[in-house]
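The values are calculated or read from the model by the stated rules, or taken from the named source; none is laboratory data. Model, not experiment: these values are computed from the prediction. Backbone-built Cβ (ideal geometry, glycine too); neighbour counts: all protein chains shown. Protein only, heavy atoms only, side chains kept; ligands, DNA and RNA dropped before computing areas. Shrake-Rupley method; radii C 1.70, N 1.55, O 1.52, S 1.80 Å.
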Amino acid sequence: QVQLVESGGGLVQPGGSLGLSCAASGIIFSIYGMGWYRQAPGKQRELVAAITSAGSTNYADSLKGRFTISRDNAKNTVYLQMNSLKPEDTAVYYCNADPGKYGNGIYWGQGTQVTVSS
């Protein structure tokens with residue numbers, strides 16, 4: 001019943017921008033902290049950005065200033081705006097939902113591919 005569906009991935013040139021969306025269903029969205037993670041081939045999944053139920057944000061230090069996470073509770077959607085993209089940003093980007101202290105169930109989307117290449 002719980003679904004997190006990412007969209008917006010694709011091919012972009014270095015220096016370009018891309019916006020990702022994650023639409024959630026089956027959860028009380030406003031209660032969940034939401035996050036974006038990414039995983040490149042052969043590498044460990046890493047946190048990109050997170051946003052709490054109250055709207056506070058946190059970013060990987062290397063990405064702060066280039067990426068922006070936001071949420072729209074009315075649309076049950078979390079967004080990731082990616083600017084000044086670099087080839088090393090190439091990865092599968094995953095949406096995550098975490099209730100924190102309000103529960104134990106953590107959910108993941110299927111991921112969307114982002115490729116930064118000339």
Review point. Scanning the stretch 20-38 for residues that are touching a Phe, Trp or Tyr at 6+ places or on another chain (Cβ under 7 Å) and at pLDDT 95 or above, which turns out farthest from residue 106 (Cα to Cα)?
Key: 20
Check your understanding: Of all the residues that make up the stretch 17-39, how many are under 22 Å from residue 56 (Cβ atoms), hydrophobic (A, V, I, L, M, F, W, C) and crowded, with 20+ Cβ neighbours inside 10 Å?
Key -> 6
Revision key, fill the gap. Residues of the stretch 47-67 being under 19 Å from residue 32 (Cβ atoms) and either in a strand (DSSP E or B) or among the acidic types (Asp, Glu) (or both), in sequence order, are 47, 48, 49, 50, 51, 57, 58, 59
Check your understanding: Residues of the stretch 92-102 being out of contact with any strand residue (DSSP E or B) (no Cβ under 7 Å at 6 or more places or on another chain) and in contact (Cβ under 8 Å) with a residue 40 or more places away in the chain, which ones?
Key -> 99, 102
Check your understanding: Does residue 106 satisfy the criteria of being touching a Ser or Thr at 6+ places or on another chain (Cβ under 8 Å) and among the β-branched types (Val, Ile, Thr)?
Key -> no
Study note, to complete from the structure: For the stretch 92-118, the count of residues that are within 13 Å of residue 22 (Cβ to Cβ) and not in a strand (DSSP E or B) equals 3
**Study point:** Top-ranked residue of the stretch 92-117 - restricted to ones that are of a type in the set (S, T, N, Q) and modelled with pLDDT of 95 or more, ranked as most open to solvent (accessible area, probe 1.4 Å)
**Key:** 110
Study note, to complete from the structure: Of those in the stretch 60-91 that are in contact (Cβ under 8 Å) with a residue 60 or more places away in the chain and open to solvent by less than 50 Å² (accessible area, probe 1.4 Å), the residue nearest to residue 16 (Cα to Cα) is 85
Study note, to complete from the structure: Across (1) open to solvent by less than 60 Å² (accessible area, probe 1.4 Å); (2) on the phi < 0 side of the Ramachandran plot; (3) modelled with pLDDT of 95 or more; (4) under 15 Å from the mean Cα position of the chain (by Cα), residue 12 clears everything bar (4)
